[in-house]
Amino acid sequence: MTLRPPAATSLAADRRDADAKPIQVGLLGIGTVGSGTFNVLVRNQAEIRRRAGRGIEIAMVADLDTARAEAIVGERARVVGDARKVIANPDIDIVVELIGGYGIARTLVLEAIAAGKHVVTANKALLAVHGNEIFAAARDKGVMVAFEAAVAGGIPIIKALREGLTANRIEWIAGIINGTTNFILSEMRDKGLDFDVVLKEAQRLGYAEADPTFDIEGIDAAHKATIMSAIAFGIPVQFDKAHVEGITKLQAADIRYAEQLGYRIKLLGITKRRDNGIELRVHPTLVPARRLIANVEGAMNAVVVQGDAVGTTLYYGKGAGSEPTASAVIADLVDVTRLHTADPDHRVPHLAFQPEALADTPILPIDDVVTSFYLRLQVADQAGVLAKITGILAEHVISIDALLQRESGEGENKTDVIILTHDTVEGQMRRAIAQMQALPTVLAPIVSLRKEELA
Ligand code: HSE
């Protein structure tokens with residue numbers, strides 16, 4: 001077979017494209033990420049144009065604070081107070097939504113799609129909750145909705161999952177995908193402090209929001225895990241089925257005991273393929289201290305992906321911040337610029353799998369999840385107590401991996417018993433805990449945390 005050389009006209013066509021009018025972008029919201037996007041696009045415009053084959057220009061910016069927006073963009077873009085003026089402008093090719101939340105952002109994204117605009121968004125909450133509706137609307141209109149910045153900020157994890165790992169049957173993903181909570185956990189471990197103390201300090205330093213609920217309750221991480229789960233397993237986004245626990249109840253004592261047993265506690269977003277369904281959960285998790293992800297400190301993010309062909313891969317970087325997130329937004333702008341003239345059927349599907357090939361594999365209820373556990377029981381220091389506890393675990397077919405006994409620091413006749421188990425079905429563990437809790441020699445609420453070996 002003879003391969004034909006590339007058509008002579010293709011070079012000429014490339015040159016024509018490079019001379020073409022820049023693609024026109026309208027920005028909705030110019031806060032931290034918006035200003036980063038504007039600045040990086042201006043700073044790196046020549047390099048970006050060489051990659052995209054055409055210039056990318058933010059022509060319009062909508063923000064309620066028009067004075068602040070004008071101070072950022074100067075004469076280089078038209079500033080308006082009403083986002084709908086951007087959507088209504090026929091010259092705008094791509095709308096970048098950086099408003100956040102599920103409210104007006106949803107309406108504006110759907111209106112932009114209806115107006116035939118491609119959309120780039122960093123809004124994980126919107127996509128985790130309304131993604132199915134938004135992607136369906138985009139398919140009907142033949143436009144792209146790109147969202148690299150929605151998960152793990154500057155880390156190109158969406159690109160990796162949707163394209164780089166496309167040969168693989170993904171087995172599981174585990175990620176530190178919320179910088180605020182990772183910062184708090186790192187501080188708790190380093191300084192031996194309790195959650196409340198560190199949260200106040202994090203707020204004072206600007207690492208945590210004034211209202212940190214979405215971060216510390218695990219909701220932000222669950223939004224991101226939901227999106228990754230859909231892309232990894234070819235299922236619709238199902239945030240309502242995610243099991244979500246934050247770090248607010250975590251105690252310094254458990255971080256200390258975990259350390260003594262060779263583990264670190266991280267808030268992980270986990271999604272896993274199982275024979276009977278898919279696990280989707282966010283919770284504080286013991287991870288062996290020797291794993292790379294256990295050593296991700298401060299506000300950094302990291303995601304581990306296990307694929308059947310590639311094995312384990314790890315992605316690390318800044319999960320938030322002005323220019324790291326702008327890096328992801330602009331990568332999407334370049335993708336849209338390269339692909340907007342392509343037949344919609346030949347673009348990468350929103351959720352990596354062809355829409356008609358999405359599966360209805362169920363998300364498993366938390367009681368059906370399989371994991372190992374860390375238990376801390378404060379017990380009366382007397383004969384036979386340990387035998388009763390291990391007896392209950394044996395009755396529920398829960399095998400013990402390690403056991404530690406330590407002074408509880410709360411009087412001579414009380415002691416802390418710390419148990420690590422092997423894998424068990426969560427429902428079994430809940431029943432065993434209820435039975436152990438009812439023992440008169442168990443003196444305080446039992447602490448239970450999940451453990452993942454990530455092997
Ligand atoms: N608030 C998030 C974090 C960043 O702390 O990682 C945006 O999702």
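Relative contact order, whole percent, for segment 370-451 stands at 50, derived from Cα pairs under 8 Å and 6 or more residues apart. Alpha-carbon geometry of the chain: the Rg and the Dmax are 25.1, 88 Å, given in that order. Antiparallel beta bridges, as assigned by DSSP with both residues in the chain, represent about 70 percent of the total such bridges. For the chain, averaging the sequence separation of C-alpha pairs within contact (under 8 Å, six or more residues apart) and dividing by the residue count gives a relative contact order of 16 percent.
To the nearest 20 debye, what is the magnitude of the charge dipole of segment 98-192 about its Cα centre, counting +1 on the Cβ of each Lys and Arg and -1 on the Cβ of each Asp and Glu?
On the way: 10 positive and 8 negative charges, 14 e Å.
Approximately 60 debye in magnitude.
Short-range pairs are left out: with C-alpha atoms under 8 Å and at least six residues apart, the relative contact order of segment 159-318 is 34 percent. 3J(HN,Hα) along segment 197-203: 5, 5, 4, 4, 5, 4, 5 Hz, from the Karplus curve 6.51 cos²θ - 1.76 cosθ + 1.60 with θ = phi - 60°, whole Hz, x for Gly and Pro.
How much length, in nm to one decimal, is gained on full extension between LYS141 and ASN39, taken as 0.36 nm per residue of separation minus their Cα-Cα distance?
Once the chain is fully extended between LYS141 and ASN39, it gains 33.6 nm.
In order along segment 286-296, the phi-based Karplus estimate (6.51 cos²θ - 1.76 cosθ + 1.60, θ = phi - 60°) of 3J(HN,Hα) comes to 7, 10, x, 4, 7, 6, 4, 5, 5, 9, 7 Hz; Gly and Pro are listed as x. For ARG274, the residues whose amide H sits under 5 Å from its own are GLU279, ignoring neighbours fewer than 5 places away on the same chain, with H placed 1.01 Å from N.
The label point for ALA71 and the one for ALA380, both projected 7 Å from the Cα toward the Cβ, are 6.6 nm apart.
Sequence-ordered 3J(HN,Hα) estimates for segment 209-218 from the Karplus curve with 6.51, -1.76 and 1.60 and θ = phi - 60° stand at 5, 4, 10, x, 3, 4, 6, 6, 8, x Hz, glycine and proline given as x.
Take the alpha carbon gyration tensor of segment 159-318, find the square roots of its eigenvalues, order them as a ≥ b ≥ c, and report rounded if a/c is under 1.5; if not, report prolate when a/b exceeds b/c, else oblate.
On the way: a/c = 1.97, a/b = 1.61, b/c = 1.22.
Prolate.
What number in nm² do you get for segment 370-451 if you take the convex hull of its Cα atoms and divide its surface by four? Convex hull of Cα atoms, orientation-averaged projection: 4.7 nm². Of the residues ARG430, ARG189, ARG281, the one with the fewest other Cβ atoms within 10 Å heads the list, and the complete ranking is ARG430, ARG189, ARG281.
Read-outs throughout are calculated quantities, based only on the coordinates presented, and are distinct from any laboratory measurement. Predicted model, so just to flag it, every value in this text is computed and none were measured. Positions of Cβ are generated from backbone atoms using ideal geometry, with glycine treated the same way; all protein chains shown enter the neighbour counts.
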